[in-house]
Amino acid sequence: MKAHDAGADVPPPPGTIPFLLVGLAGLGLLAWGAYGHWQRDVEATATLERIKTLVPQVRTVVAAQAKGPLDLVLPGEMQAFTTAAIAARATGYIAERRVDIGSRVKAGDLLLRIAAPDLDQQLAQAEAQVGQLKAQLLQAQAQVEQARANVNLANLTNNRTTTLAVQGWASRQNADNTQAGVLSQAAALAAAEAGVKVATANIKAQEAVVDRLKALTAFERVVAPFDGVVTVRNVDVGDLVRADNGGTPLLTMDQDSILRITVNVPQNDAVGVKPGVQASITVPQMPGRSFDGFVERSSVALNAASRTLTTQVDVPNADQALRAGLYAYVTLKIPRTEPGVTIPAEATVFNRNGLQVAALSDDDRVTWRTIRVRRDLGRTLELESGLSADSRIIDSPAPDLRDGQSVEPLKPPQPPGPLRSAQR
């Protein structure tokens, strides 16, 4: 009974169906994986083929030829054409002041009047001395006339005495005395004539003193040396001023009918900067307005430290809209020595071959060209070599474009309907 129960508990051996099912499932999974790998391989091959045959669409621009003058923008500060620091040439007190800062005056207008009584008295004394010297000259001239009369009388006496002495009516001693008298009177005449010359010279010397004092008294009137505006006033009525003290000037004036701006032109553009080159001036505080000027002078030689040419631009300022000291931008219209080629800065790519652009041939194939930049104008570049005018280049080219690769240039966007109709 026990042996029979033990035999009945042993399970029967498994059949082949489960193993077949597992094998079929494994084969199905393997086939599915192989199919997926094949499908991906097919897609990758198709993708590579599409990449090889892909014709990318690109935007193109045309390299322009620059023939007009080159615009060079430089910063500068406006300065008065002429600045005068007016000092005192007469010692005295300020008796009258007719101007203040900001006063506009004409050449010759009275600015200040200095009261200098000491100088006035010196002039009066010098003029009186001239009168005295002229009186002395008259006396000297009268003495000359008297000496001439004495000489004539001495000659007559000498002739008469000599004749009598020859005839025996007078002694030889008398004849000698009269002859000596002639010589004595001639010497007196020479002395009187010399006195006239001395008196004349004294008058001239004293008149020079008078002229000097008159010139100094003329400086009691401080007048404007040119048309302009008073920018600094350092004295007021009652202040004592001293002549030629070398200290603070009485007034400072600016001539602002023409202003000058000093700019430093780089060496690359210095060759074309000459007197007469036009300039356009703008001031940040005056938006929308520009002023015309021209190059008037330059240092000719470049600064050895900065390699720049010091250049001055004159700006007419008839309406006094501009002021000395303003910060301004000067755009010089420098003539070109030869035509240039300009392209957008976005059309360049820098790689191991240097700075390049992607040029398009007539059949829309890419050719990479190395360029050299002459001037960097910010958004545009002026080229020295590497590209000719009217060449088509790709705007913002992809760095992976290949030489000889075909591309499809995009057409420029069409204007709106009404504008397009108007253009037709």
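Here are some notes:
- None of Val265, Val229, Val283 is under 24 Å from Tyr327 (Cα atoms), assigned by TED's automatic domain parsing to the domain that holds Tyr329 and buried (at least 19 other Cβ atoms within 10 Å of the Cβ) except Val265.
- Considering (1) closer than 30 Å to Ala328 by Cβ; (2) surrounded by 15 or more Cβ atoms within 10 Å (Cβ to Cβ), the lone condition that Ala107 does not fulfil carries the number (2).
- Among the residues of region 311-321, those identified as in a loop (DSSP other than H, G, I, E, B) and either under 15 Å from the mean Cα position of the chain (by Cα) or surrounded by fewer than 17 Cβ atoms within 10 Å (Cβ to Cβ) (or both) are Ala318, Asp319, Gln320, Ala321.
- Cβ pairs under 8 Å, 6+ apart, first in region 388-399 and surrounded by 15 or more Cβ atoms within 10 Å (Cβ to Cβ), second polar (S, T, N, Q) and not in a loop (DSSP other than H, G, I, E, B): Ala389/Gln65; Arg392/Thr60; Ile393/Thr60; Ile394/Thr60; Asp395/Thr60
- Qualifying position, being of a type in the set (A, V, I, L, M, F, W, C) and part of a strand (DSSP E or B), among Leu138, Leu112: Leu112
- In the set (1) touching an Asp or Glu at 6+ places or on another chain (Cβ under 8 Å); (2) crowded, with 16+ Cβ neighbours inside 10 Å; (3) at pLDDT 90 or above, Leu302 fails one condition alone, (1).
Quick grid of which residues meet (1) in a strand (DSSP E or B); (2) among the hydroxyl-bearing types (Ser, Thr, Tyr):
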site: Val295; (1), (2): yes, no
site: Val300; (1), (2): no, no
site: Ser306; (1), (2): no, yes
site: Leu309; (1), (2): yes, no
site: Arg323; (1), (2): no, no
site: Leu332; (1), (2): yes, no
site: Val341; (1), (2): yes, no
site: Glu346; (1), (2): no, no
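- Of the residues making up region 176-222, those that are within 28 Å of Arg113 (Cβ to Cβ) and of a type in the set (S, T, N, Q) are Gln206, Thr217.
- Single residue of Ala46, Ala3 found to be among the small types (Gly, Ala, Ser), modelled with pLDDT under 75, in a helix (DSSP H, G or I) and surrounded by fewer than 10 Cβ atoms within 10 Å (Cβ to Cβ): Ala3
- Unique residue being in contact (Cβ under 8 Å) with a residue 12 or more places away in the chain, assigned by TED's automatic domain parsing to the domain that holds Leu153 and assigned to a helix (DSSP H, G or I) when the list is Ala199, Ala194: Ala199
- Among (1) closer than 30 Å to Pro409 by Cα; (2) surrounded by fewer than 16 Cβ atoms within 10 Å (Cβ to Cβ), the one test that Arg98 misses: (1)
- Elements of type strands (runs of 3 or more DSSP E) contained in region 51-105, each with 3 or more residues being touching a Pro at 6+ places or on another chain (Cβ under 7 Å): 70-86
- Considering region 332-348, the residues that are under 20 Å from Gln278 (Cβ atoms) and surrounded by fewer than 17 Cβ atoms within 10 Å (Cβ to Cβ) include one that is nearest to the chain's Cα centre (by Cα), namely Lys333.
- Selection over region 202-226 of residues that are buried (at least 16 other Cβ atoms within 10 Å of the Cβ), of a type in the set (Asp, Glu) and part of a helix (DSSP H, G or I) gives a count of 1.
- Contact map, region 124-148: residues that are over 14 Å from Leu189 (Cα atoms) paired with residues that are among the acidic types (Asp, Glu) and at pLDDT 85 or above, Cβ distance under 7 Å, separation 6+ or inter-chain. Pairs shown: Val130/Glu207.
The values are calculated or read from the model by the stated rules, or taken from the named source; none is laboratory data. From a predicted model like this one, the values you see are computed outputs, not experimental measurements. Using ideal geometry, Cβ is built from the backbone for each residue, glycine included, and neighbour counts are taken over all protein chains shown.
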